[in-house]
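All remarks here apply to the structure that follows.
What follows draws every value from the coordinates through simple rules; no lab data is involved. Keep in mind that this is a model prediction, so the values were computed, not measured. With ideal geometry, Cβ positions are generated from the backbone for all residues, glycine too; neighbour counts draw on all protein chains shown.
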Amino acid sequence: MLPVSRPLGQCNACRTDALTAIRRVGSEVILRAARRRFAPYTGSLKAFAPQTVLIAAFIGIAAILTRIPQKVNRFAAGGRGNADFFLALFKNYVILADGKRGMDAMREKTFQMSDSFLVAALVALSGGAQDAYTFFGRGGVFANAQTGNVVLFSSNLVRGETVAALRYLYPVIAFLLGVFAAEHIRRRFRERPGFHWRQLVVLLEIVLLTAVGFLPQAWNALANVLVSFVCAMQVQTFRTVCGNAYASTMCIGNLRSCMDALHSFVAEKDAKHLRRSLIYLGVILFFGAGAGAGYLLTQQLRDGAIWFSCALLLCAFCMMLSGDEKNRREEIGG
C-alpha cells in the first residue's frame with residue numbers, strides 16, 4: 001500500500017513558516033494601528049517611560065534597604081570600635097563650642113558624638129558637595145534645595161513641558177521618602193544593641209552614594225533620586241549641633257538662626273548667644289566649602305566626584321563609632 005502524501009501546509013517546516021508569517025503580519029498590523037493612534041504622544045512616552053521605570057525600581061529598592069540595618073545591627077551587637085585619640089580630640093571641640101555646659105556634658109557622659117561640631121562640619125561639607133554634584137554634574141537638578149526643584153517643576157509645568165517638569169519632581173518625591181526611611185530606622189533601632197541608629201543611616205548613605213558614582217550620564221534621573229534620598233536621610237538624622245537645631249544640607253534655616261543668635265547677643269550681651277551664632281556661621285561656611293569642592297571635583301572626576309561625600313561621611317561614621325555612642329532613649333528628636 002502506497003503512503004498517503006501530506007499536503008504542503010501540513011509539513012512541520014511549512015507549518016512553522018506559516019505561523020511565523022502570521023505572527024509577523026499580525027504584529028505589523030497592531031503596531032501600525034498603535035502608531036496612528038498614539039502618534040501625538042510618542043515623543044513624550046519615550047522620554048517618560050524610562051524615568052518612570054527607574055523611579056519605580058528605586059521605590060522598591062528603598063523599601064528593601066530600610067530593612068538592611070536590621071541585618072547589619074546583628075553583626076555589630078558583639079562589639080564596637082573605640083579610638084581614645086578621637087574621643088580626646090572631640091573634648092576640645094565640645095569645650096570650644098559650648099563652654100562650661102559642654103564640659104559638664106562630657107563629665108556626665110550625656111553627650112552624643114553626632115551632636116559635635118566636628119561631625120556637623122563633616123556632614124555639612126558632604127551636603128554642599130552633594131548639591132553641587134547633582135547641579136553641575138547631573139543635569140542641573142538640586143539634591144538638597146527642594147524649594148528650587150519645586151520652582152523649576154512648576155515653571156516647566158505651566159509652560160507645558162511635562163517631561164522636563166518631571167525631572168524636578170522625582171527628587172522631591174525621593175526627599176520625602178528619605179525622611180520617612182530615616183525616621184523608620186530611628187524608631188526601629190534606637191533602643192537595640194550594636195550600632196547606633198545614626199551610624200546605620202550613615203552606612204546606608206555611603207552605600208547609596210558609592211553606587212551613584214558608577215551610574216552613567218544616561219541614568220541621571222536615578223542618580224538624582226538617590227542623592228536626594230540620601231540628603232533627606234542626612235537632614236533628618238543630624239538635626240542638632242552642640243544642642244542647637246540646624247540643617248546639614250541647606251543654609252536658609254542656619255542663616256536665620258545665625259542672625260537671630262547674633263541679635264540676641266547684641267541685645268542681651270550674653271556670650272552663649274555669640275557662641276551659637278558662631279556655630280551656625282561655621283556650619284554655613286563648611287557647607288559652602290563643600291559646594292565649592294564638589295564643583296571642582298565634578299569638573300575633574302565627573303560621575304565619580306560623589307565619592308568625596310562618601311569619604312566625608314565615612315569620617316563622620318568613624319568619629320561616631322570612636323565616641324562609643326550608645327543606643328539610648330532620646331528625650332527630644334531621638
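Structure above, values below:
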| quantity | calculated |
| --- | --- |
| Residue order, fewest to most beta carbons within 10 Å, for Leu314, Leu209 | Leu314, Leu209 |
| Cβ-defined net charge surrounding Asn220, 9 Å radius [Lys, Arg +1; Asp, Glu -1] | +2 |
| Segment 162-191-segment 265-325 distance, computed between alpha-carbon centres (Å) | 22 |
| Other-chain or far-sequence residues with amide H under 5 Å of Thr240's (modelled H) | Tyr246 |
| Least to most buried among Ile206, Ile279 (fewest other Cβ within 10 Å first) | Ile206, Ile279 |
| Segment Lys272-Arg159, extension gain: residue separation times 0.36 nm, minus the distance between their alpha carbons | 35.7 nm |
